[in-house]
1. Look through segment B:109-151, keep the residues that are of a type in the set (D, E, K, R) and under 16 Å from B:Ile248 (Cα atoms), and return whichever of them is nearest to the other protein chains (Cβ to nearest Cβ).
2. Could you tell me whether segment A:35-49 includes any residue that is surrounded by fewer than 13 Cβ atoms within 10 Å (Cβ to Cβ) and not basic (Lys, Arg)?
3. Would you confirm, using the coordinates I've provided, whether A:Val148 is within 30 Å of A:Ala171 (Cβ to Cβ), in contact (Cβ under 8 Å) with a residue 24 or more places away in the chain and surrounded by 10 or more Cβ atoms within 10 Å (Cβ to Cβ)?
4. Which numbered condition in (1) under 30 Å from B:Ser207 (Cβ atoms); (2) touching a residue at least 12 places away in the same chain (Cβ under 8 Å) is the only one that B:Pro10 fails?
5. Of A:Gln105, A:Gln110, A:Gln60, which residue is under 30 Å from B:Glu67 (Cβ atoms) and polar (S, T, N, Q)?
6. Hey, can you tell me all the residues within segment B:18-67 that are buried (at least 19 other Cβ atoms within 10 Å of the Cβ), in a loop (DSSP other than H, G, I, E, B) and of a type in the set (A, V, I, L, M, F, W, C)?
7. For B:Met90, state whether it is in contact (Cβ under 8 Å) with a residue 12 or more places away in the chain and more than 8 Å from every other protein chain (Cβ to nearest Cβ).
Amino acid sequence: MNLMLVLAAESTEDPPNPVIPEVNEIVWAAIFFIALWMLMKYVLLPPIQRAMENRSSTIQGDRDAADAATSALGSTRRDYEASLAAARSEASDIIAAARGRADEQRAAKQAEADAEIAELRRSAQAEIDEARASALRGMRGDVASLAVGAAGVVLGRELDAGSQQSVIDQALAAD
Amino acid sequence: MIFGAVEFPPIENVIEWPAFLFKDSDYFAFNKIGLIYGLGFLIPTVIFLLAARGDGLVPRGFRTVAEGIVEFIDTQIVQAAIGPDGRRYMPLLTSLFLFIFLGNITEVIPFFQMPGNARMAAPLVLALIVYATWISVGVKHNGIGYIKEVLVPPGVPKPLYILVTPIEFLSNFLIRPFSHAVRLFANMLAGHILLVTFSVLCIAVFSASALIVVEIGTFSGLLAFTAFEVGVSLIQAFVFTILTAVYIGMALHPSH
């Protein structure tokens, strides 16, 4: 501001007004700007914009393809996981069925074995009982002979084993 | 011009530019300002022509520069101020931005050291072109009723139109183009005078063998203001262009 005041004060003539434009400068400004504008509109800008749009569309196309591939990959993965899950389920069913059959077979075998054991046990018991009865019968005769013999010795006379049999049987039955 | 111990150049040095071509013509006398305007035409033309020769998906060299400019104007100006339907005005807005920026940046380029837009001619021409453009866009898209919509904005109580309509007429049809031009012109002229002042001050301080601290301080100030003016050149080009986009956007969608 001081500079302008000093400039104004020292000047004897009115300086040209800087706000008033010169005609020749207006003409050249108009010529050059309008020329640039028209060139920009019809020659300079279109190839640049086309190249940018082509690049954008190429990038967009590649991005869409990548998205499609990603989507396909996801679908494939889902299919694979579904197949895997189905196979696992089927395997689990097969294992469960096999396990059931094995359990049934084991139970059947177990029952069969138990029945066989019981049969063996019964026949063994019968044999034991028969042997025991036979032993008792044998022992009873021997005991009667010994007892009759011993009694004859004590009494000093010979006893008839047949007539003493009922007494011996009563004694053995009392035991 | 003596101010204390410092001799300033006369103001005519900023205003009067002798012609070196077509000297006798009143309309086509070609001076340094015309040369700066010519560079504002030539440099973008060369850059974009060289950029158009490039091919391939990845931009290189001049293509990078051209696409960077187009991308910047598209995203920061067109999309921000108009929207997707503003792309048809890309040629105008790109031309404005580059022409103004190159007309400003000569302020800090040796040999030129004068912003072309510190002269009123280019800002006035550009502001008038923008003025004609947004009015024609408004009338083309909204019919002649656009003028009425601007002068008689809806939603205002009827008695207030006595005040509002003249104000809208003045602000939109008279002051707007003037302020559009003067904003650019005055900023660049003020910046140029600032740089001249610091340059003259530097010469005076160095000539007077002043203290080294004063010399360093003055020269640092000149460097700082030079860097500042680079930023101002860019910002003024951006402001002028985005205001143009805003005016066009308002003309396209007056109800917004």
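Read-outs: derived from the displayed coordinates by stated rules, not from any lab. Since this is a predicted model, take the numbers as computed values, not measurements. Note that each Cβ is placed from the backbone with ideal geometry, even for glycine, and that neighbours are counted across all protein chains shown.
1. If we filter segment B:109-151 for residues that are of a type in the set (D, E, K, R), which is where we start, we get B:119, B:140, B:148-149.
Adding the requirement that they be under 16 Å from B:Ile248 (Cα atoms) leaves B:140, B:149.
Numbers: B:Lys140: 17, B:Glu149: 28 Å.
Among those residues, the one meeting the criterion is B:Lys140.
2. yes
3. no
4. (2)
5. After applying the criteria, what remains is A:Gln60.
6. Across segment B:18-67, the qualifying residue is only B:Ala29.
7. no
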